[in-house]
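Colleague: My structure is below; once you've seen it, I'll send some questions.
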Amino acid sequence: MKEPRPVTTLVRLAAALPLALAGFINGAYAQGALPEAPAMTAEEKAAGKLIYFERCAGCHGVLRKGATGKSLEPHWTKKLPDGSTQEGGTLKLGTARLEKIIALGTEGGMVNYDDILTKEEINIMARYIQNVPDVPPEFSLADMQASWKLLVPVDQRPAKQQSKINLTNIFATTLRDSGKLALIDGDTKKIWQILDTGYAVHISRLSASGRYVYTVGRDGLITLIDLWFATPTTVATVKLGSDARSVDTSKFKGYEDKYLIGGSYWPPQYSIMEGDTLKPLKVVSTRGMTVDGEYHPEPRVASIVSSHIKPEWVVNVKETGQILLVDYSDIKNLKTTTIESAKFLHDGGWDASKRYFLVAANASHKVAAVDTKTGKLAALVDTKKIPHPGRGANFVHPKYGPVWATGHLGDAAISLIATPSEDKQYAQYQQYNWKVVEELPMPGAGNLFVKTHPKSTHLWADLPMNPERENTEAVYVFNLKDLSKEPVKIDVARDSGLPVTKALRRATHPEYNKDGNEVWISLWGGKADQSAIVIYDDKTLKLKKVITDPQMVTPTGKFNVWNTQYDIY
Ligand code: DHE
């Protein structure tokens with residue numbers, strides 16, 4: 001799938017984006033290109049800027065200092081003036097080499113873009129990243145307030161649920177490249193409603209009551225959807241900045257639906273809002289020192305999770321490697337515990353007891369575990385290369401007791417980390433606490449998400465970032481009763497019945513239904529192709545249903561209301 005996108009279309013797209021992002025896109029080239037950086041027309045620069053935001057900034061950072069991806073600062077992307085590519089042992093790249101890397105990807109884990117970008121776009125990007133990075137504008141509390149839209153005030157919303165739909169089994173499904181969210185009825189498997197959201201919604205989270213769905217777009221737009229209307233209705237929106245990935249609500253008893261927190265990539269900060277209106281209350285910068293004691297200008301907020309045992313959020317700051325426990329019981333006098341862990345923090349989930357939060361420190365090939373009861377780091381566990389757990393998966397290992405599982409982007413293995421338990425029946429397993437007790441072999445690297453359910457005896461693992469089509473389009477299922485057995489391979493793309501397309505159809509993000517007896521897999525095809533959600537019976541591993549529709553474009557994350565509300569995984 002090559003999706004030719006003329007430069008002029010990109011410029012038009014840029015013009016259509018909201019103010020803050022337009023500032024990002026049209027913002028100053030005042031710093032200008034260094035003399036020896038390749039020349040670019042204004043139109044090419046605008047196109048490069050937009051593609052960089054959409055496709056590159058997530059891994060390489062807005063300032064291009066690198067995180068999950070390498071640093072792309074001009075001091076190493078540019079060739080030396082004499083055309084040489086080496087300086088003091090450091091490799092300089094230049095346009096031709098950069099074009100190759102962008103088109104074909106790298107062994108280090110960067111995916112190929114030759115099926116997403118045209119040759120012209122790849123050339124633009126190779127030149128764009130040899131120029132000095134643009135610094136987008138800041139985003140203050142006043143900017144948030146100006147962006148805030150309360151579309152339906154609380155007193156004009158229903159007093160009780162207006163539909164007969166089983167809200168607890170709804171799946172909030174990201175339709176990534178169409179900037180929409182599909183709410184799918186898990187009982188009837190029918191699309192209930194498709195709503196406009198921010199660009200490429202990253203995650204959906206549920207309010208403690210299960211009534212409100214919050215989504216956060218990559219463009220920093222938060223959307224608050226009320227499920228109590230006869231058809232789900234967006235009741236408020238607000239911008240966090242120009243680039244964001246995380247959102248969670250206040251889940252502690254007495255604070256249900258009261259607050260919302262959103263984490264931004266740009267500017268590097270988190271923001272606190274009212275949970276039922278999104279009224280902005282506070283913005284807190286995360287700029288500061290890394291765990292190595294160096295100042296970082298762009299420490300982005302990665303995963304955020306709400307504690308069930310305290311009025312606290314766990315806020316994971318990517319570039320500094322610091323984990324913040326933010327106490328929301330007194331927003332005006334905000335108390336924060338800063339816990340040193342490792343770089344670069346990304347995604348994670350609770351252990352089965354919901355006392356420990358485990359988060360991937362992906363560049364360190366470690367998982368950090370925070371004890372939210374004591375407010376201290378419980379462990380830093382060495383894993384394989386680039387752990388990427390999603391929210392991870394909890395189950396009781398037949399030999400080692402309670403474990404939490406993470407897959408890896410950079411290695412063909414799933415690591416099982418033993419987690420402590422206060423339950424007496426697991427006392428015998430204490431000796432294994434925080435050890436990697438087993439590594440389950442996968443057919444390749446490139447896993448993003450693993451999933452199980454307390455009622456299941458299966459562990460599902462995807463491989464959407466594996467370069468081989470036969471792996472990308474499949475998922476692998478382990479038997480938790482006998483982990484020595486090879487995982488069962490399920491060819492999701494074939495089961496979907498959809499035609500083969502040039503673009504890979506990435507099978508990703510297994511998610512259970514409320515009862516824990518079905519697994520929903522997204523088949524994430526090309527932007528111009530119809531995709532599907534493919535549903536399996538968890539016991540028999542047989543295909544149960546394919547949900548497809550012309551509007552089903554690039555489905556990725558799916559969030560079952562019940563499992564997300566109660567953090568069941
Ligand atoms: Fe994600 C979770 C960041 C690319 C799908 N992703 C997260 C979280 C972060 C993050 C910080 C944790 C949120 C939380 O729990 O509060 N993701 C990033 C990136 O920086 C990165 C690497 C590049 C980017 O530009 O965004 C990236 N992510 C992707 C994708 O390409 C995926 C596969 C498809 C998509 O929709 O964009 C993708 N990320 C997801 C999903 C989750 C997620 C589905 C939630 C997992 C869950 O089960 O909770």
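Colleague: Considering only the stretch 434-451, I want to know if a residue exists there that is of a type in the set (S, T, N, Q) and more than 14 Å from the ligand (Cβ to nearest atom). Give the steps one after another, and end with the answer.
Modeller: Going through the stretch 434-451, the residues of a type in the set (S, T, N, Q) turn out to be 447.
Still in the list and also more than 14 Å from the ligand (Cβ to nearest atom): none.
No, the conditions are met nowhere in the stretch 434-451.
Colleague: Next question, about the same structure. Which of (1) modelled with pLDDT of 90 or more; (2) within 11 Å of the ligand (Cβ to nearest atom) does residue 45 not meet, given it meets every other one?
Modeller: (2)
Colleague: While we're here: Which condition number in (1) within 16 Å of the ligand (Cβ to nearest atom); (2) under 20 Å from the mean Cα position of the chain (by Cα); (3) modelled with pLDDT of 95 or more is the one that residue 259 fails?
Modeller: Tallying (1) within 16 Å of the ligand (Cβ to nearest atom); (2) under 20 Å from the mean Cα position of the chain (by Cα); (3) modelled with pLDDT of 95 or more, residue 259 fails exactly one: (2).
Colleague: Oh, and also: For the stretch 351-376, name all the residues that are out of contact with any strand residue (DSSP E or B) (no Cβ under 6 Å at 6 or more places or on another chain), within 16 Å of the ligand (Cβ to nearest atom) and in a strand (DSSP E or B).
Modeller: None - no residue of the stretch 351-376 is out of contact with any strand residue (DSSP E or B) (no Cβ under 6 Å at 6 or more places or on another chain), within 16 Å of the ligand (Cβ to nearest atom) and in a strand (DSSP E or B), so the list stays empty.
Colleague: A further question on this structure: Filter the stretch 105-146 for residues that are small (Gly, Ala, Ser), in contact (Cβ under 8 Å) with a residue 40 or more places away in the chain and out of contact with any Gly (no Cβ under 9 Å at 6 or more places or on another chain) and give the result.
Modeller: Matches in the stretch 105-146: 105, 140.
Colleague: Continuing with the same structure: Please verify whether the stretch 334-348 includes one or more residues that are in a strand (DSSP E or B), under 23 Å from residue 516 (Cβ atoms), touching a residue at least 40 places away in the same chain (Cβ under 8 Å) and in contact with a Pro (Cβ under 7 Å, 6 or more places away or on another chain).
Modeller: Yes, some residue in the stretch 334-348 is in a strand (DSSP E or B), under 23 Å from residue 516 (Cβ atoms), touching a residue at least 40 places away in the same chain (Cβ under 8 Å) and in contact with a Pro (Cβ under 7 Å, 6 or more places away or on another chain).
Colleague: Now a separate question. Within the stretch 377-394, how many residues turn out to be part of a strand (DSSP E or B) and either within 16 Å of the ligand (Cβ to nearest atom) or of a type in the set (Phe, Trp, Tyr) (or both)? Don't jump to the end; show me each part of the working.
Modeller: Let us first name the residues in the stretch 377-394 that are part of a strand (DSSP E or B), namely 377-382, 387-394.
When the remaining residues are screened for being either within 16 Å of the ligand (Cβ to nearest atom) or of a type in the set (Phe, Trp, Tyr) (or both), the result is 387-394.
The qualifying residues number 8.
Colleague: Still on this structure, I have one more. Here is a list: 241, 217, 210, 198. Which entry is within 16 Å of the ligand (Cβ to nearest atom) and under 26 Å from residue 308 (Cα atoms)? Write out each step before concluding.
Modeller: Values: 241 fails: under 26 Å from residue 308 (Cα atoms); 210 fails: within 16 Å of the ligand (Cβ to nearest atom); 198 fails: under 26 Å from residue 308 (Cα atoms).
Result of the check over 241, 217, 210, 198: 217.
Colleague: If you don't mind, another one. Is it the case that the stretch 486-496 has a residue that's under 22 Å from residue 568 (Cα atoms) and in contact with a strand residue (DSSP E or B) (Cβ under 7 Å, 6 or more places away or on another chain)? Write out each step before concluding.
Modeller: Within the stretch 486-496, the first condition is being under 22 Å from residue 568 (Cα atoms), and the residues that meet it are none.
Checking the stretch 486-496: not a single residue is under 22 Å from residue 568 (Cα atoms) and in contact with a strand residue (DSSP E or B) (Cβ under 7 Å, 6 or more places away or on another chain).
Colleague: Return the residues of the stretch 312-328 that are in a strand (DSSP E or B), β-branched (Val, Ile, Thr) and touching a Pro at 6+ places or on another chain (Cβ under 8 Å); say none if nothing qualifies. Let's see the steps before the verdict.
Modeller: Of the stretch 312-328, the ones in a strand (DSSP E or B) are 312-317, 322-327.
Retained after the next criterion (residues that are β-branched (Val, Ile, Thr)): 314-315, 317, 323, 326.
Matches in the stretch 312-328: 317 only.
Colleague: Search the stretch 282-305 for residues being assigned to a strand (DSSP E or B) and touching a residue at least 60 places away in the same chain (Cβ under 8 Å), and hand back the single one that is surrounded by the most Cβ atoms within 10 Å (Cβ to Cβ). Even if it seems obvious, please write down each step before you answer.
Modeller: Quick first cut of the stretch 282-305, residues assigned to a strand (DSSP E or B) only: 282-285, 288-289, 295-296, 301-305.
From what is left, the residues that are touching a residue at least 60 places away in the same chain (Cβ under 8 Å) are 282-283, 296, 305.
Numbers: 282: 16, 283: 22, 296: 23, 305: 26.
Restricting to residues being assigned to a strand (DSSP E or B) and touching a residue at least 60 places away in the same chain (Cβ under 8 Å), the top hit is 305.
Colleague: Something else about it: Wholly within the stretch 454-550, which strands (runs of 3 or more DSSP E) include no fewer than the required count, namely at least 2 residues that are more than 14 Å from the ligand (Cβ to nearest atom)? Step through it out loud before you land on a result.
Modeller: Details: elements: 458-462, 474-479, 488-491, 506-512, 518-524, 532-537, 543-548.
Because the criterion is at least 2 residues that are more than 14 Å from the ligand (Cβ to nearest atom), the strands (runs of 3 or more DSSP E) in the stretch 454-550 that meet it are 458-462, 474-479, 488-491, 532-537, 543-548.
Colleague: Hey, does the stretch 209-228 have a residue that's more than 20 Å from residue 62 (Cβ to Cβ) and of a type in the set (D, E, K, R)?
Modeller: Looking only at the stretch 209-228, we keep the residues that are more than 20 Å from residue 62 (Cβ to Cβ), and these are 209-215, 223-228.
Checking which are of a type in the set (D, E, K, R) leaves us with 211, 226.
Within the stretch 209-228, one or more residues are more than 20 Å from residue 62 (Cβ to Cβ) and of a type in the set (D, E, K, R).
Colleague: Here is a follow-up. Step by step: first the residues of the stretch 148-160, then only those that are part of a loop (DSSP other than H, G, I, E, B) and closer than 19 Å to residue 236 by Cβ, then the one that is farthest from the ligand (Cβ to nearest atom). Which residue is that? First the steps, then the outcome.
Modeller: Taking the stretch 148-160 first, the residues part of a loop (DSSP other than H, G, I, E, B) are 148, 151-153, 157-160.
Right, trim to closer than 19 Å to residue 236 by Cβ and you get 148, 151-153, 157-159.
Numbers: 148: 21, 151: 24, 152: 26, 153: 28, 157: 26, 158: 28, 159: 31 Å.
Result: 159.
Colleague: Also, I was wondering about something else. What is the residue count in the stretch 54-70 for residues that are away from the ligand (no atom under 11 Å from the Cβ), on the phi > 0 side of the Ramachandran plot and touching a residue at least 40 places away in the same chain (Cβ under 8 Å)?
Modeller: 1
For (1) loosely packed, with under 15 Cβ neighbours inside 10 Å; (2) free of Cβ contacts under 8 Å to residues at least 40 places away in the same chain; (3) closer than 15 Å to residue 477 by Cα, each residue gets a yes or a no:
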| site | (1), (2), (3) |
| --- | --- |
| 368 | no, no, no |
| 372 | no, no, no |
| 377 | no, no, no |
| 381 | no, no, no |
| 384 | no, no, no |
| 395 | no, no, yes |
| 414 | no, no, yes |
| 431 | yes, yes, no |
| 452 | no, no, yes |
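Colleague: Given the criteria part of a loop (DSSP other than H, G, I, E, B) and at pLDDT below 85, does residue 66 qualify?
Modeller: Values: part of a loop (DSSP other than H, G, I, E, B): yes; at pLDDT below 85: no.
For residue 66, the condition - part of a loop (DSSP other than H, G, I, E, B) and at pLDDT below 85 - is not met.
Colleague: Let me ask something else. Which fully enclosed strands (runs of 3 or more DSSP E) of the stretch 167-232 have 1 or more residues being over 21 Å from residue 548 (Cα atoms)?
Modeller: Numbers: elements: 170-175, 180-185, 191-196, 203-206, 212-216, 221-226.
Correct list: 203-206, 212-216, 221-226.
Colleague: Follow-up question, since we're still on this one. Only one residue in 174, 197, 188 is closer than 26 Å to residue 535 by Cβ and surrounded by fewer than 20 Cβ atoms within 10 Å (Cβ to Cβ). Which one?
Modeller: Exactly one residue qualifies, and that residue is 188.
The values are calculated or read from the model by the stated rules, or taken from the named source; none is laboratory data. All figures in this text were calculated on a predicted structure; none of them were measured in a lab. Glycine also receives a Cβ, built like all others from the backbone with ideal geometry; neighbour counts cover every protein chain displayed.
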